[in-house]
1. With ALA259, ALA230, ALA240, ALA301 as the choices, which residue is part of a loop (DSSP other than H, G, I, E, B), crowded, with 17+ Cβ neighbours inside 10 Å and among the small types (Gly, Ala, Ser)?
2. Just to be sure, is THR190 in a strand (DSSP E or B), among the β-branched types (Val, Ile, Thr) and over 19 Å from VAL306 (Cβ atoms)?
3. Which condition does VAL283 not pass, out of (1) surrounded by 13 or more Cβ atoms within 10 Å (Cβ to Cβ); (2) in a strand (DSSP E or B), if it passes all the others?
4. From the list THR282, THR243, which one is of a type outside the set (Phe, Trp, Tyr), farther than 28 Å from VAL197 by Cα and touching a strand residue (DSSP E or B) at 6+ places or on another chain (Cβ under 7 Å)?
5. Please go through segment 209-227 and give me each residue that is open to solvent by 20 Å² or more (accessible area, probe 1.4 Å) and within 24 Å of LEU173 (Cα to Cα), ordered by number.
6. Does ASN9 satisfy being at pLDDT below 95 and either touching a helix residue (DSSP H, G or I) at 6+ places or on another chain (Cβ under 8 Å) or not in a loop (DSSP other than H, G, I, E, B) (or both)?
7. From the set of residues in segment 26-83 that are open to solvent by 10 Å² or more (accessible area, probe 1.4 Å) and among the aromatic types (Phe, Trp, Tyr), which is farthest from TYR136 (Cα to Cα)?
8. Of ARG148, ARG130, which residue is among the basic types (Lys, Arg) and under 24 Å from TYR82 (Cβ atoms)?
Amino acid sequence: MSRLRELLNLLNTAGWDSRALSDDRVAHLMADGHTLLSQQGISGVHIRAQEDAEWIEAEITVTAGTKVANPIHLCFGMLQRYGTQRVRMSIQLEDHSRASFIAHCLFTNVEFGVHQMEEVVNVGKGAEMRYTEAHYHGFSGGIQVLPRVKVDVGPEGRYFSNFSLTNGRVGKLDMDYQVESDAHSVTEMTSRVFGHVTDEIRIKEHVTLSGYRARSLIKSRVVLENEAHAKVISITEGNAEATRGHMDCMEILKDQAVAESIPIVRVSHPLAKITHEAAIGTVDKKQMETLMSRGLTPEEAVDVIVKGLLL
């Protein structure tokens, strides 16, 4: 079986229909480790990628005014039990374009490995980008996920990201997102992570609202059990008139897990407003009682509450 077919089979196992990647109307990029398996651009979407022993280098450009009908698929994985994958990626949405991306990160076979991503994103004037990144891991706990993302959102631009790592062991996650937002822009970032055993989780998301009436939301949902540990650092800066930002962090603990939430607010303009809320604790008692009154066991009730939080 070819490596491409193996990766597509992993994608199907994760619950996605891999047939989308064979559609000539769908732009995509696929890689196993440092080997490029497939890439396809379409009208208005240019993809240029190359490989060497150390990195995959990729550039994706959505041309001005293009409205991409189908999601752009990015499929990064490792079929081997041991290995490293390092990706440098540049994504450019030119003025008044619109595109959504789905990044499938498939590491279900990995026992010990590193997935490192260095990503630079530019969202042009009046452009809109939606980026969904879903990780699928095995249960070894031996993988390190190290994303570093810098985003520049232009005037009237819109940037939405959704990161999830809720399937399998996290291993070690060290995530760092930095966003600079211009006038009348909107930024929303959501992260959902489920840590088990001795998983280590560090999430840092930093938004700088630099333009008039820029708005942002940072939303984190983390569930921990056994001896997992998480630190969530949310930073929002309001540096211009009428900027509005909000940070919302919730962490649920079971067993001997440990959680930290560190919200940081910096305001340098008197007419900016930044707010935050954070909650760390066990499963809500009233929700438990309601579910158990409907016939669920305590263990089943906890599972329902946790799954609802991570949806």
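The values are calculated or read from the model by the stated rules, or taken from the named source; none is laboratory data. What you see is a predicted model; the values in this text were computed from it and never measured. Backbone-built Cβ (ideal geometry, glycine too); neighbour counts: all protein chains shown. For the accessible areas, the whole protein counts, side chains as well, though only heavy atoms, and no ligand, DNA or RNA atoms are used. Shrake-Rupley method; radii C 1.70, N 1.55, O 1.52, S 1.80 Å.
1. Every option except ALA240 fails the conditions.
2. Answer is no for this residue.
3. Every condition holds for VAL283 apart from (2).
4. Within the list THR282, THR243, the selection yields THR243.
5. LEU217, LYS219, ARG221, GLU225, ASN226, GLU227
6. yes
7. Checking each candidate, the answer is TRP55.
8. So the residue among ARG148, ARG130 that is among the basic types (Lys, Arg) and under 24 Å from TYR82 (Cβ atoms) is ARG148.
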